[in-house]
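To start, the structure itself, in structure tokens.
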Amino acid sequence: MIVVLALTLTVLGCACLYLASPNQKWLSQNLPRKPLLAAGSLLLVAGLIAWIAAFLPLSGIFVTLHVAMVCLFAFPYAAALRDWRSN
Amino acid sequence: MIRADIVKHYKTVHTWTGISCGLALFIAFYAGALTMFQEPIARWASPPAAGVAAVPLDDADRLLELVVAAHPEARKEGITLHLRGHENEPARVTWEEDAAHQEGQPHEHVHWWATLKPDGTLLSKQEEPSELAEFINAIHMRVGIPEPWGSYFMGVVSLLYGVALIAGMIVLLPSLTKDFLALRVGHNLKRMWLDAHNVVGVTALPFHLVMAVTATAWSFGGPLWSAQESVIFGGRQKVVMKRDFERWTAPNPTGDADVMMSPGQLLQRLHAQVPDFEPKVMIFKNFGDKAAAVRFVGAERGYVGHTSFGGVMLSAVTGNLIKDNRASRQDPDRRASTTIFALHTGEYGGITITWAYFFLGFSGAWLFYSGNLLWVETRRKKARKGREDEQPRSTRLLGSATVGVCLGCVAGLSLTIVAAKWLHGSVADLNAWHAYIYYAVFLGSVAWAFAWGAARSAVHLLWLCAAATISIPLTTVLALLFPALGMWAHGSAATIGVDVVAFIGALCFAWMAIATARRVRHGPADSIWSIRKGDDHTAHEPVAIAAE
Amino acid sequence: MAEDIRPDYWAKASAGAILGLGLALSLVGLYAYLGPGGIDAPTGRYSLMRHLEAFVWIAVFGLCFLFRSGRAAWTWLGAANLIAFAALFACRFYFFA
């Protein structure tokens, strides 16, 4: 259960970070950066705490890192795939 | 900011290290992504057997006694008692014995399993288990080149991979903040491939750095070990290792018999003394002896650490903890080393990490594939300014090699997985056939790609990949519908998961085949990815040869 | 600003590959003698050392193209090797004399 919560928090945190990037392609207009960055960081920290609660500090850090890596390359590809199909 | 000349030189370094090891790394990463599901694949490929459930844990002590009575030689090697009931565990207990072998040849092992017949007597049989998962792992580690050259080759490749990572980072640093997470789809193909390559490379950089370091250390493991021995320790390493080895091995048998605790009792003693340890199997050494020991193989909950090594050992007579090598009790250096090990193999964090590494593995394979495409695309621009529509031979050859090697590996692995069910029982040595099938498909695909060129063969081979991969779930469905075929369909979530993932993978390959076919017909004609150019070429061919 | 660095790919790469390995072995060897626990540290150190060696080797090989020329790479890395190996053999002599 806590794993589902931790995963959700981490994925949402990465989504906020992606939307905060000036290169994001999900929305046609960029949203204000600062609140998104703050929200993303908070969500990632909450996710990290949840992962640590689910495992141990070292595993928690590594799990957060690897899930974040997957999200951060998957999100741009998801956007690119949508653009490419609509072209 | 970084000087332009440094960036320029590092671009050259990145290009050539990348091109020279990209294809080997594709195979290593694709097969490596599959090894994340090594256990489900092994379970999928294992034929139905008596299984662990046939002998309840309460009857296991009786089974062990019958086994050592009938096979006394099994005591020394150790008898494995399985606890989980997975399909690749043929029975409650298994063990290995030395095969008959010739003087001077390496020792080969044969595998035995044993269960209880309904009347309570022993049924034991020598049967070789499916080594499909081990074969995929061997392809992952040595891209199919025999030992020891495969290891040396991958050592060089991993070293260059590390250099390419550093070089790529230096090249990207000036534009890193501006282009981070950008993936611009459009008519500028070079820009698009560059973005596609960079997004994957930059975001997954920590993962790749760990992979490069660990792969270099392991592939050169033997030579580095010898170098350490002669340069650093001056012959002392072996002596200390031998002394230290006692921490891992079972005590020597005394020759006096004693009463063994039952496996159930031993498990209770384990949980009482080491509460957070989750055992997969118990290995009994010197069963029946006063010094008999049982090693529990498994992982300590929550720790980053690999499970195959270490573990804890109890006395099989008293149930007391005699050897303790679990993660939380390791010395700091061993702890660091197991952590690095597990960061490569993903042995922590449960199913989340298995899936994350699976995707990261594919993203790595994609990184090397797109790197090669980028090289081809860059060369194409250059060629265009010089001569009209004439693609240099190097890009045509690299295009063919990329298509043949990458797709050949994908199709070969899928088909060799399928063969586990189709060939079971009809060939004598199925484990050898796994290798034959893989190499035949792989080498055939490479030859096909060079014969037909990158554009045409990419479509053919992508359809081959889709067909080979869809055969995995289709085989299971056929086994379910026609039991007369002699195949099997396991019902566990893990094995159904293999079928589902293969089905989705096959859809992806089919989609890629359709997209590639469209590009081959309608894409820019001055590309190695177009057959329109190829048609024009036939007329010019003699001229081209003369020019070369 | 300093003058442009010369490409010298083969000279630099050979320096990175050969002298990088030498530097990796000697520096990690020094860690084995002088690190926490010293030379009698438990054998977990031996497996860790291979990863450390790979790390140093890759880092030196990857960064050696920053040298001004192939000759500079060979000179500097060679000198670093000499010093590190001298220290390593001094340790070996001191601890095993």
Task: Derived scalar couplings ³J(HN,Hα) [the range A:65-72; Karplus, 6.51 cos²θ - 1.76 cosθ + 1.60; whole Hz; x for Gly, Pro] - done: 4, 6, 5, 5, 4, 4, 4, 5
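Please say if the range B:177-280 is rounded, prolate or oblate, where rounded means a/c under 1.5 for a ≥ b ≥ c the square roots of the C-alpha gyration tensor eigenvalues, and otherwise the choice is prolate for a/b larger than b/c and oblate otherwise?
Working: a/c = 4.90, a/b = 1.89, b/c = 2.59.
Since a/c reaches 1.5 but b/c is at least a/b, the shape of the range B:177-280 is classed as oblate.
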TODO: Quick one: grab Rg to one decimal and Dmax as a whole number for chain B, Cα atoms only, in Å.
DONE: 27.0, 88
Task: √(5λ) per eigenvalue of the Cα gyration tensor, the protein assembly as shown, largest first, Å - done: 46, 34, 27
- [ ] Would you mind counting up the charge near residue B:354? Only other residues with Cβ under 10 Å from its Cβ, with Lys and Arg at +1 and Asp and Glu at -1.
- [x] -2
Open item on the list: Can you give me the Kirkwood hydrodynamic radius for the range B:1-151, using every pair of distinct Cα atoms, in Å to one decimal?
Closed with: 19.0 Å
- [ ] Please work out, to two decimal places, the log10 of the ratio I(q)/I(0) at q = 0.10, 0.16 Å⁻¹ from a Debye calculation in which every Cα of the range A:2-86 carries one identical scatterer.
- [x] -0.26, -0.62
Task: Directionally averaged shadow of the range B:248-345, computed from the convex hull of its alpha-carbon atoms, nm² - done: 6.0 nm²
- [ ] Would you please give the residues with an amide H less than 5 Å from that of residue B:293, counting only those at least 5 places away or on a separate chain, with H modeled from the backbone geometry?
- [x] B:285, B:316
Open item on the list: Please compute, for peptide B:352-363, the average count of beta-carbon atoms on other protein chains lying within 10 Å of each residue's beta-carbon.
Closed with: 4
Task: Unit Cα scatterers, Debye sum, the range B:48-129: log10 I(q)/I(0) for q = 0.26 Å⁻¹ - done: -1.33
TODO: Classify chain C as rounded, prolate or oblate, taking a ≥ b ≥ c as the square roots of the eigenvalues of its Cα gyration tensor: rounded when a/c is under 1.5, otherwise prolate if a/b is larger than b/c and oblate if not.
DONE: prolate
Task: Most to least packed among C:27-39, B:254-266 [average Cβ atoms within 10 Å] - done: C:27-39, B:254-266
TODO: Express in whole angstrom the spacing between the alpha-carbon centres of the range B:2-62 and the range B:472-533.
DONE: 20 Å
Open item on the list: Checking the a/c ratio against 1.5 first, then a/b against b/c, what shape does the Cα gyration tensor give for the range B:429-497?
Closed with: prolate
Task: Intensity falloff of the range B:387-548 expressed as log10 I(q)/I(0), Debye formula with alpha-carbon point scatterers, at q = 0.18 Å⁻¹ - done: -1.05
TODO: Quick one: compute the contact order of chain B, relative version, from alpha carbon pairs under 8 angstrom and 6+ residues apart, as a percent.
DONE: 16 percent
Task: Net dipole in debye of the protein assembly as shown [+1 Lys, Arg Cβ; -1 Asp, Glu Cβ; about Cα centre; nearest 20] - done: 2960 debye
TODO: Taking amide H positions as placed in the peptide plane 1.01 Å from N, state which residues far from residue B:91 in sequence (5 or more) or on other chains have amide H under 5 Å from it.
DONE: B:51
- [ ] Show the residues, 5+ positions off or on another chain, whose built amide H is closer than 5 Å to the amide H of residue B:298.
- [x] B:280
- [ ] Express the relative contact order of the range B:268-384 as a whole percentage, based on alpha carbon pairs under 8 Å and six or more residues apart in sequence.
- [x] 18 percent
Open item on the list: Order B:67-80, A:64-77, B:339-352 from most to least packed using the mean count of other Cβ atoms within 10 Å.
Closed with: A:64-77, B:339-352, B:67-80
TODO: Compute the long axis of helix B:205-219 from its Cα atoms, compare it with the longest principal axis of the Cα atoms of chain B, and write down the angle in degrees, 0 to 90, nearest 10.
DONE: 60 degrees
Task: Neighbour-limited loop hits for trypsin sites (Lys or Arg not before Pro), the range B:167-252 (at most 16 other Cβ within 10 Å; DSSP other than H, G, I, E, B) - done: B:184
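None of the figures in this text is laboratory data; all of them are computed from the coordinates on show. Since we're looking at a predicted model, the values are computed, not measured. Here Cβ is always computed from backbone atoms with ideal geometry, including for glycine, and neighbour counts include all displayed protein chains.
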